Structure formats: C-alpha cells, structure tokens
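Peer 1: This structure is in structure tokens; I'll ask about it shortly.
The values are calculated or read from the model by the stated rules, or taken from the named source; none is laboratory data. These figures come from a predicted structure and were not determined experimentally. So basically every Cβ, Gly included, is an ideal-geometry build from the backbone, and we count neighbours across all protein chains shown. Surface areas here come from the heavy atoms of the whole protein model, side chains and all, with no ligands, DNA or RNA. Shrake-Rupley method; radii C 1.70, N 1.55, O 1.52, S 1.80 Å.
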Amino acid sequence: MLNRAIQAQQAPGSTFKPFVALAALETGTIDDKFTGALFGGISLFGTYQRCWVKTGHGTLAMHSGIVHSCDVYFYTIGSKTGIDNLAFYADIAGMGHPTGIDLPHEAGA
C-alpha cells in the first residue's frame with residue numbers, strides 16, 4: 001500500500017505560491033506593491049497557462065494574488081524571478097526533502 005500523503009511525489013500546486021512570493025521578494029525581483037494585469041492567462045515557453053478564473057482576476061497586488069490564489073499572478077512573478085532562484089528558496093524551505101520526523105517510508109525528492 002502507498003501512503004500518498006508521505007510517499008507520493010506530487011506537484012505542490014497552490015501550496016507553492018507563497019514560496020514563489022518569498023523568492024521574488026528576497027531576490028528583489030518585485031516588491032510587495034507589484035501589480036500585474038491578469039486577464040485569463042499567460043504564455044510561457046510556448047505554452048499558454050490559464051488561470052482558474054476564465055476571465056482572469058484583473059489587476060492584483062501580492063496580497064490579493066495570495067488571497068485569490070491567482071495562478072497567472074504567480075506564473076508572472078515566478079517567470080520574472082527565474083527557475084534557479086525558485087529552486088534555491090524552495091530548497092531552503094525544505095521542499096523535496098524528508099521532514100525528519102518519524103514517518104516510516106517517507107519519500108524525498
């Protein structure tokens with residue numbers, strides 16, 4: 001049997017959004033007042049990424065981006081921040097590493 005909570009290796013989804021915000025702020029890529037005009041999606045690396053709201057959220061700042069869990073806001077600041085910076089801060093936060101608590105068969109990355 002597979003305990004999906006501690007053994008499955010799934011994409012983090014919306015739980016990763018605060019780490020994207022942290023990386024963007026820490027690297028100075030944006031400040032907490034950065035706003036984006038978010039109207040349904042963004043084209044990144046030849047793929048159109050849609051928001052969960054078909055028409056988009058309009059113009060949002062970071063607080064509203066987190067409150068509304070706006071995919072496109074975080075795609076935008078993640079793209080500006082860069083994959084290496086995102087990976088660096090995710091690693092510092094422990095993403096991909098076992099928690100270190102007593103969970104038998106816990107998987108890391």
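Peer 1: Of a type in the set (Gly, Ala, Ser) and in a loop (DSSP other than H, G, I, E, B): which single residue out of 69, 64 fits that description? So that I can check it myself, show each step before the final result.
Peer 2: Numbers: 64 fails: in a loop (DSSP other than H, G, I, E, B).
When all the criteria are applied, what remains is 69.
Peer 1: Among the numbered conditions (1) open to solvent by 90 Å² or more (accessible area, probe 1.4 Å); (2) not in a helix (DSSP H, G or I), tell me where residue 80 comes up short.
Peer 2: Answer for residue 80: the failing condition is (2).
Peer 1: Considering only the range 34-57, state which residues are at pLDDT 90 or above, among the β-branched types (Val, Ile, Thr) and either out of contact with any strand residue (DSSP E or B) (no Cβ under 8 Å at 6 or more places or on another chain) or at positive phi (or both).
Peer 2: Correct list: 47 only.
Peer 1: From the residues in the range 70-81 that are over 10 Å from the mean Cα position of the chain (by Cα) and in contact (Cβ under 8 Å) with a residue 40 or more places away in the chain, which one is nearest to residue 41 (Cα to Cα)?
Peer 2: Among residues in the range 70-81 that are over 10 Å from the mean Cα position of the chain (by Cα) and in contact (Cβ under 8 Å) with a residue 40 or more places away in the chain, the one nearest to residue 41 (Cα to Cα) is 76.
Peer 1: Okay, moving on. From 31, 91, grab the single residue that is more than 30 Å from residue 7 (Cα to Cα), open to solvent by 70 Å² or more (accessible area, probe 1.4 Å) and at pLDDT 90 or above.
Peer 2: Working: 91 fails: more than 30 Å from residue 7 (Cα to Cα).
None of the others qualify; the one that does is 31.
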